[in-house]
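The values are calculated or read from the model by the stated rules, or taken from the named source; none is laboratory data. No experiment lies behind these values; they were computed from the predicted model shown. Heads up, the Cβs are rebuilt from the backbone with ideal geometry, glycines too, and the neighbour counts pull from every protein chain shown. Side chains are part of the model used for accessible areas, which takes the heavy atoms of the whole protein and leaves out ligands, DNA and RNA. Shrake-Rupley method; radii C 1.70, N 1.55, O 1.52, S 1.80 Å.
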Amino acid sequence: MSLVSPLSITAYSVCNALGGDRSTVLQALFEGRSGLGAAPFDLPFATVVGRVQETLPDLPIPLASWTTRQARIAAHLVTRLEPGLARARERWRPHRIGVILGTSTAGADATEQAYRHFVEHGSFPDDYDFKRQHTYGALLHVVKELSGARGPGWVVSTTCTSSAKPLASAMRLIAADIVDAAIVGGVDTLCAMTLTGFHSLGALSDRPCQPFSRERKGISIGEGGAFLVVERSGDARVLLEGVGESSDAYHISAPHPEGQGARMAMERALAQAGCTPEAIDAINAHGTGTTLNDLAEGKAISSLFGRPIPVVSTKGYTGHTLGGAGAIEAVFAALAIEEGWLPASLGAGPLDPKIPIHVPTQVTQGTYRRVLSNSFAFGGSNVSVVVRAS
Amino acid sequence: MTGIERELIICGVGLSLPGVGNAKAWLHRGHTEGSESPSMPSGHSLDKHSRRRASPLTRALSDAFTEAVEQAGVDAKTVHAVFGSALGEASTMVKLLDQLWKEEDMTPMGFATSVPSTASGMVSISTQNRGFTTAVCADYDTVAGALMEARGILLTTENPVVVVCGDETSPARFVPDDESFDLLATAVCLCLPHHPWPALARLRGPRIADGDLPGVPLSDRLARNPQVCLLDLVAHVIEGRSGAVRLDRGAGAGYVVDVRVSRPA
């Protein structure tokens, strides 16, 4: 029996290449409109990226020295979250609201530009501050200051599961009566180092990614994030019901070929939610568009569910937002429940016949009471999240 | 009683300090630090493939993890693990930046091991641990955050958890010399009072508290390591001292834990 209870998702905010608010993002998903486009860097290889186009706020003056693109996206997300946050602050004492966030890049884009300055001029720019702009804890500081939450906090950095794991942490902290509510989620930003790194791994596509397609060539990287307010109780249309975590124990940068760890994470999420595979109505796949990842995830889903459940990857819209993906896609799972439709799995056609799952290539109307969302990462870190209608 | 007030058991400790080796050797030496030419952490429990690619930080974290797990007698294949580091693999990242701006080819393995969860991944691969591991960062409150995450895992899964915190200094170009520090990784293995593993000490917290609580006397270079307070906690355990232990040496939010030693490690 699970020792954790479902949490109310009382507010969320999202920002990625599709837009910076719920309705804009929803519209793009419904219309099948991708946010992928040209990379904002000179790179010696071809690729496309999902860049946030939203006008981002400046940080308040007391936080000015913490300014990075990541911090500004975070500030945008906190602002969008504020009505829900205000209710949470009224309901719970500030030190009983935790802040658990994720990032894989932290302030790497700021460090990358500062380092270029160092190489060219022999010194860092005057406004560059390694501790306040590069470190992983910087995101935590900025969000705590902007949100008024004063409970325990930390940043998870497990690459592409970074912003999914905070959902698990929050469930545990609330179940253990350490906090009553938490701000969870994460943000990553584009940088040349990440793009070059994925290119070096042979994992980057030179055109918009095509998850689950037989013509897929790899990942398109994106940026953005999402924050959610989860509470012990409260008015919410969607509940966070279970989170499963596992390790592949297989390879530092490749998935287990049969998706063993992925399946284990999904099983654990279902166990925590107290439901069987039959109770899941749809899956938001990790679906990055690499040959190995999609095949392994497809095998894991097929072996566990054994029926043609709809499986959608949203990476074709936003790109793979890495440390922001888990939270963004948990929000997408919640949207499916709230709106009663699943977006098309953009770029999936022609489907790969070797991947034995049902991937809708059109918007699918339906009643989605319970949706599972997957995130998998370097080092064999796997997370599955179950959300359901309240 | 809230979850933070429930008593946990420390059933194993581990330490990797170049030139010293492990926690027992450190105690035996009376807290003195390494030899004048500190050795690279061995990373002996990493598989050969991982060890060859592991940074000094990942090796140190792995060594501390292994010592704590072996002392506790918990199963390395199933124990959960929380790895804490404020800076992560910063030196590996700087190598990548050098490659980027010199327009050299980036090494794929260098990229894959430049992330803070490198130790978490390599340890899970080497021990065949399919439970789950995680990697957390919170500047000078990383130890407090890691202990809080471990407490949540322990109270909801009832499986033992190893907390391993360590940092290697920021690359020289990024911080002045008087802010650089020595490599250190420290570990504690935690379980619940009804578990069968040996109770070295009982732990409550972290909680916020005012007041000065001096840590173990150390060189300035070691004392500046953001994770040094887990060493302060381990020192209490291996020396049989009960009391409150500050988790940030004044640089963080002011978290402390309360330790009641059952028997010296």
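Observations on the model:
- Number of residues in segment B:240-264 that are surrounded by fewer than 20 Cβ atoms within 10 Å (Cβ to Cβ), among the aliphatic types (A, V, I, L, M) and assigned to a loop (DSSP other than H, G, I, E, B) equals 2.
- Among all residues of segment A:170-182, there is at least one that is buried (at least 24 other Cβ atoms within 10 Å of the Cβ) and away from chain B (no Cβ under 13 Å).
- Selection count where residues are open to solvent by 100 Å² or more (accessible area, probe 1.4 Å) and touching an Asp or Glu at 6+ places or on another chain (Cβ under 6 Å), scope segment A:28-48: 0
- Total residues in segment A:58-68, condition part of a helix (DSSP H, G or I) and either surrounded by 11 or more Cβ atoms within 10 Å (Cβ to Cβ) or free of Cβ contacts under 8 Å to residues at least 12 places away in the same chain (or both): 5
- Residue that is farthest from residue A:144 (Cα to Cα) [pool: residues in segment A:82-105 that are within 11 Å of chain B (Cβ to nearest Cβ) and in a helix (DSSP H, G or I)]: A:96
- Residue within segment A:203-219 that is within 14 Å of another protein chain (Cβ to nearest Cβ), in contact (Cβ under 8 Å) with a residue 40 or more places away in the chain, assigned to a loop (DSSP other than H, G, I, E, B) and open to solvent by 30 Å² or more (accessible area, probe 1.4 Å) present: no
- Screening A:51, A:22, A:72 for residues that are more than 30 Å from residue A:126 (Cα to Cα) and open to solvent by 20 Å² or more (accessible area, probe 1.4 Å) leaves exactly one candidate, A:22.
- In segment B:112-128, residue farthest from residue B:180 (Cα to Cα) [restricted to those that are surrounded by fewer than 24 Cβ atoms within 10 Å (Cβ to Cβ) and facing another protein chain (nearest Cβ under 8 Å)]: B:128
- Tally, over segment A:279-317, of residues that are among the acidic types (Asp, Glu) and outside any helix (DSSP H, G or I): 1
- The set of residues in segment A:220-235 being under 21 Å from residue A:7 (Cβ atoms) and within 14 Å of chain B (Cβ to nearest Cβ) consists of A:230, A:232.
- The residues listed here are A:278, A:297, A:245; of these, the one that is buried (at least 19 other Cβ atoms within 10 Å of the Cβ) and in contact with a Lys or Arg (Cβ under 9 Å, 6 or more places away or on another chain) is A:245.
- Screening residue A:348 on (1) open to solvent by less than 10 Å² (accessible area, probe 1.4 Å); (2) assigned to a loop (DSSP other than H, G, I, E, B); (3) free of Cβ contacts under 8 Å to residues at least 60 places away in the same chain shows it passes everything except condition (3).
- Whether a residue is surrounded by fewer than 24 Cβ atoms within 10 Å (Cβ to Cβ), facing chain A (nearest Cβ under 10 Å) and farther than 30 Å from residue A:242 by Cα was assessed, and residue B:105 passes this test.
Yes or no, residue by residue, for (1) open to solvent by 10 Å² or more (accessible area, probe 1.4 Å); (2) in contact with a Pro (Cβ under 7 Å, 6 or more places away or on another chain):
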{"residue": "A:270", "(1), (2)": "no, yes"}
{"residue": "A:287", "(1), (2)": "no, yes"}
{"residue": "A:290", "(1), (2)": "yes, no"}
{"residue": "A:306", "(1), (2)": "yes, no"}
{"residue": "A:312", "(1), (2)": "no, yes"}
{"residue": "A:318", "(1), (2)": "no, no"}
{"residue": "A:323", "(1), (2)": "no, no"}
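- Residue match in segment B:182-199 (condition: within 16 Å of the chain's Cα centre (by Cα), in a loop (DSSP other than H, G, I, E, B) and buried (at least 17 other Cβ atoms within 10 Å of the Cβ)): yes
- All positions within segment B:138-179 that are closer than 30 Å to residue A:122 by Cα, more than 10 Å from chain A (Cβ to nearest Cβ) and not small (Gly, Ala, Ser): B:167, B:168, B:169, B:176, B:177, B:178
- Against the test of being touching a strand residue (DSSP E or B) at 6+ places or on another chain (Cβ under 8 Å), hydrophobic (A, V, I, L, M, F, W, C) and modelled with pLDDT under 90, the options B:244, B:251, B:265, B:199 yield a single qualifying residue, B:265.
- Helices (runs of 4 or more DSSP H) wholly inside segment B:61-171 containing at least 3 residues that are touching a residue at least 60 places away in the same chain (Cβ under 8 Å): B:90-101, B:118-127, B:142-157
- Among the residues examined, residue A:261 does not qualify as in contact with a Lys or Arg (Cβ under 6 Å, 6 or more places away or on another chain), open to solvent by less than 10 Å² (accessible area, probe 1.4 Å) and within 14 Å of chain B (Cβ to nearest Cβ).
- Residues in segment A:106-151 that are in a loop (DSSP other than H, G, I, E, B) and either open to solvent by 10 Å² or more (accessible area, probe 1.4 Å) or touching a Phe, Trp or Tyr at 6+ places or on another chain (Cβ under 8 Å) (or both): A:106, A:122, A:123, A:124, A:125, A:126, A:127, A:128, A:129, A:136, A:148, A:150.
Yes/no per residue for (1) more than 30 Å from residue A:3 (Cα to Cα); (2) among the small types (Gly, Ala, Ser):
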residue	(1), (2)
B:147	no, no
B:151	no, no
B:159	no, no
B:166	yes, yes
B:169	yes, no
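- Residue pairs meeting the criteria (Cβ under 8 Å; at least 6 apart or on separate chains; first more than 14 Å from chain B (Cβ to nearest Cβ) and touching a residue at least 12 places away in the same chain (Cβ under 8 Å), in segment A:38-57; second open to solvent by 80 Å² or more (accessible area, probe 1.4 Å) and part of a loop (DSSP other than H, G, I, E, B)): A:46/A:207; A:48/A:207
- The residues of segment B:44-97 that are aliphatic (A, V, I, L, M), closer than 18 Å to residue B:226 by Cβ and in contact with a helix residue (DSSP H, G or I) (Cβ under 6 Å, 6 or more places away or on another chain), listed by number, are B:61, B:82, B:86.
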